[in-house]
Amino acid sequence: MSDASNPSVDDVANKVDDDALGAFASGVDTTEQFPLQVEGLRKSFGGITAVDGASFEVEAGTLTGLIGPNGAGKSTTFNLITGMLKPDAGTVTFNGEDITGLEPHEIANRGMVRTFQIARELSDMTVLENMMLAPKHQRGEALWRSVTPVLRDDVREQEEELLERVWEVLDFFDIDHIAHEYAGNLSGGQRKLLEMARALLTDPDMLLLDEPFAGVNPTLEKKLLEHVHELREQGYTFLLVEHDMDLIMNNCEHVIVLHQGQVLTEGTPDDIRSNEEVIEAYLGGTV
Amino acid sequence: MSVKEDITARVPGGDTGLIVLVLASAYLLYLLAGIGLGYDLRGQLNSIATLTFYIGVFAMLSLALNLHWGYTGLFNIGIVGFMAVGVYVMALVSKPLYVAGGAAQVGGLGLPLWVGILAGMLAAAILGFVVALPALRLRADYLAIVTIAMSEIVRFSFLSGDLQAFSLMGTRVGFGGGSGLILDFTPPLEALFQAFGLWGVYNGLVDAFRAIVPTNPKPVVDGLIYGLLLLGFVVAFYWLLKRTGESPFGRVLKAIREDEDVANALGKNTDGFKIKSFMLGCALMGLAGILWLMPQGAVTPNFFRPRVTFFVWIALIIGGAGSNTGSVLGGAVFAAVLYQGPRYFQNLVSTVFPNLDSPSGFGQAISPLISSFDPVPFLLYTIDSIRQLQLVVMGLVLIWLMHNRPEGLLGHRKETASVIPLSRPKSMVAADGGADESVRTDGGVDEGDSTVDRESNGGVDDE
């Protein structure tokens, strides 16, 4: 993971953990307590620096909000964390492993899955096909196993298991009545539900939601939030990008404010609410 | 929606029924045309064999292309290049060793035919890999540019004198250059039947055919049996690609076609899937090329012009990209109507009206139309040159299809990408049934619901 001469924080932490058998409970387990650690992330497009040395951590089992005015670098940060973009500098550590610059699929397979700002359903596939796609390590994804007669029975068996899970998740999100529908025919809100359900089926530790409530009606928003809270209670970690300040303030335990590509401040919703800098950033103080 | 859709839905036996129906009407039309042309039995049998041959090759090629375009969204317009590599490598491996003074200017490695066929498919797949590796990482259009350029590079390479003859493993081999390559290996049918020890049986069949075709029945029987063999290969392609599509592998391919970023974000190594799909399709195109040209006595590089690629595309578009059944149907319709049809039509017209005096040039055809509004010479001229107009007809058909039925004959028929049907498992229905009062039992009810859903959302979603 890192050179022996230059041990990283995580190595030290793990070492301490091993040696002290958890005696120093507070200083230990940084990776376990903070599965996602972002350090000095930087990305520029031409002359514009979209993300300028952002550093933050996301605590396990929390619903953490990432907010900021337009152009603060929220989406770019998301893309850098999930591998859609490669950072110019900085590191992303997930579950103690340096995942900077890995491909999106490699990051997803390590347990961190994202959804997209504009729900990107696979329109010409049914809701069920969309859902069946998501689970990791499907045996039938190897071509030879899918076509060879005897081995295909093995694939069939796994498909049957997956199908049950898929229907459970469909029930959980209350979209079982549109299961056979083409995803392209769904309404905007249904697409958001589908996307979250699909991400969940990859069996992630952590979900990154990019504006999951944009363009969603209040009733559905409430429903989506209920799902998120329920999942968080089950132990999932969420990082949420959102525009709606009220929504973030009322639902997140921890809020990170990005401004001009840097972390302006972070803390509990109450801290943020009373922070002068944040108010200024949002109301357009310095640009 | 349209009348045609109703018809395709009403044919008994579903898609299979539709294919059988289309094939049956094609054969019937050709038999009738044969009667009109005054063919004897031999002529009729030959015409059936030729039709079967082209239906076979175009169905195979359009199935392979469907894997690329219909399933994975890979825009391959270099099909003919993979066919060429398949045939040429097969010839290189399977042609007999060079003998000085023989008819063939170059020899091959003298290995059995099946080794050559496998080598040809492998070579096409490897070429696919080489082409795909840089191009797949770029935007989709670049793959199109790279593949068509590749197919021309392949053609010019086989034309070039440098590859005409060279030495490989101490024997004189080569690709024959512009003058072509004589395919002097054992004829494929003979090799096939000998491999199974059935050559004697086959010769018996040929002899039995003397009863209906008294003189030299062998070419007739060869043609018919080879046609049947090709249809067998079509079934095999269909079987393989259906299983490929209806699997988790096929599901990822479909997802790549829809939105590659999403598939990637869900943990699928999309580059790997694309390369596998591309290589498999290329190998099948190589095999189709081999099967097309193997029974001919010789092969020349200029057969492999890009137009063949576009023929296959037209076949796929007619049938409907994304559907394996549609690909077979498209191949059959293309072969029967657009590829062989104009020739038969012209022969038919000149047989039925033997005294038609068609003008010999475009000027003579067009001048009466302008000077005295007499369209007859122009009409006659058009019929006379219908073979040359084949490409124009194809273009018109394409334009018509794009306007009226862009999804093709069976493009609306979506084949579910999973090994099992995706309705709610029975065990779960039972478990939920008692507790939940708003149970939706399974597929049947769901579909009812979802149609309502579709209708109520339809207007908004279309935006």
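Every number in this text was worked out from the coordinates using simple rules, so none of it is lab data. None of these values were measured; they are calculated from a predicted model. Cβ sites come from the backbone with ideal geometry, for glycine too, and all protein chains shown count toward neighbours.
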Rounded tilt (10° steps) of B:41-65 against the dominant C-alpha axis of chain B: 50
Which of B:Ala417, B:Gly319, B:Leu63 sits closest to the plus end of the dipole of chain B, meaning its Cα is farthest towards the positive end, when Lys and Arg get +1 and Asp and Glu get -1 on the C-beta? B:Leu63
Note to self, the protein assembly as shown gives a 222 nm [θ] from helices alone (DSSP H runs n ≥ 4, -39500 (n - 2.57) apiece, / all residues, nearest 500) of -17500 deg cm²/dmol
Given unit charges at Cβ for Lys, Arg (+) and Asp, Glu (-), the dipole magnitude of chain B about its Cα centre in debye, nearest 20, is 1500
Excluding B:Ala104 itself, calculate the net charge of residues whose Cβ lies under 12 Å from the Cβ of B:Ala104, where each Lys or Arg counts +1 and each Asp or Glu counts -1. +1
Helix B:113-135 against the longest principal axis of chain B: what's the angle in degrees, Cα atoms only, rounded to the nearest 10? 60
Which chymotrypsin sites (Phe, Trp or Tyr not before Pro) from the stretch B:340-400 combine a DSSP loop assignment with at most 14 other Cβ atoms within 10 Å? B:Phe373
By the scheme Lys and Arg +1, Asp and Glu -1, what is the net charge of all other residues having a beta-carbon under 14 Å from that of B:Leu159? 0
Leading residue at positive end of dipole, the stretch B:1-133 (Cβ point charges), from B:Val115, B:Leu21, B:Tyr54: B:Val115
Hey, in the GNM for chain A with a 10 angstrom Cα cutoff, which one of A:Ile48, A:Ile99, A:Ile81 fluctuates hardest? A:Ile48
0 to 90° range, to nearest 10: angle between helix A:149-172 axis and chain A longest Cα axis: 60
In whole Hz, with x marking every Gly and Pro, tabulate ³J(HN,Hα) for the stretch B:82-90 from phi via Karplus 6.51 cos²θ - 1.76 cosθ + 1.60, θ = phi - 60°. 6, 4, 4, 4, x, 5, 5, 5, 4
Filter the trypsin sites (Lys or Arg not before Pro) in the stretch B:272-342 down to the DSSP loop ones having no more than 13 other Cβ atoms within 10 Å, then list what survives. none
Within 10 Å of each Cβ of A:105-117, how many other protein chain Cβ atoms are there on average? 3
Is the stretch B:163-284 best put as rounded, prolate or oblate by its Cα gyration tensor, with a ≥ b ≥ c the root eigenvalues, rounded for a/c under 1.5, and otherwise prolate when a/b is larger than b/c, oblate when not? oblate
What size of dipole, in debye to the nearest 20, comes out for the stretch A:91-228 about its Cα centre when the only charges are +1 on Lys and Arg C-beta atoms and -1 on Asp and Glu C-beta atoms? 280
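Just order B:178-191, A:199-212 by mean Cβ neighbour count inside 10 Å, highest at the front, would you?
A:199-212, B:178-191
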Would you please classify the overall shape of the stretch B:3-404 from the alpha carbon gyration tensor, given that a ≥ b ≥ c denote the square roots of the eigenvalues, rounded means a/c under 1.5, and beyond that prolate means a/b larger than b/c while oblate covers the rest? rounded
Counting sequence-distant residues (5 or more places) and residues on other chains, those with an amide H built under 5 Å from that of A:Thr126 are A:Ala183
Phi-derived 3J(HN,Hα) across the stretch B:285-294 with the Karplus relation (6.51, -1.76, 1.60, θ = phi - 60°), rounded Hz, x for Gly and Pro, is 5, x, 5, 4, x, 4, 5, 5, 9, 4
In order through the stretch B:369-383: 3J(HN,Hα) via Karplus (6.51 cos²θ - 1.76 cosθ + 1.60), integer Hz, x for Gly, Pro: 5, 7, 6, 10, 6, 9, x, 4, x, 5, 4, 4, 4, 4, 5
Suppose every K and R has +1 on its Cβ and every D and E has -1 on its Cβ; what is the size of the dipole of chain A about the Cα centre, in Debye to the nearest 20? 900
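Does the stretch B:33-146 classify as rounded, prolate or oblate by the C-alpha gyration tensor (a ≥ b ≥ c root eigenvalues; a/c under 1.5 gives rounded; else a/b over b/c gives prolate, otherwise oblate)?
Taking the square roots of the gyration eigenvalues as a ≥ b ≥ c, the stretch B:33-146 is oblate.
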Test of understanding: in a Gaussian network model of chain A with alpha carbons linked when under 10 Å, which of A:Ala183, A:Ala72, A:Ala142 would top the mean-square fluctuation ranking? A:Ala142
Low-density loop trypsin sites (Lys or Arg not before Pro), the stretch B:133-224, at most 11 other Cβ within 10 Å, DSSP non-H/G/I/E/B, are B:Arg137, B:Arg139
Using +1 at the Cβ of each Lys and Arg and -1 at the Cβ of each Asp and Glu in the protein assembly as shown, identify which of A:Gly267, A:Gly184, B:Gly286 lies farthest towards the dipole's positive end. B:Gly286
Work through the residues other than B:Leu113 whose Cβ is under 15 Å from its Cβ and net out their charges, Lys, Arg +1 and Asp, Glu -1. -1
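If we count other beta carbons within 10 Å of each Cβ, what is the order of B:Ser94, A:Ser187, fewest first?
By the 10 Å Cβ count, ascending: A:Ser187, B:Ser94.
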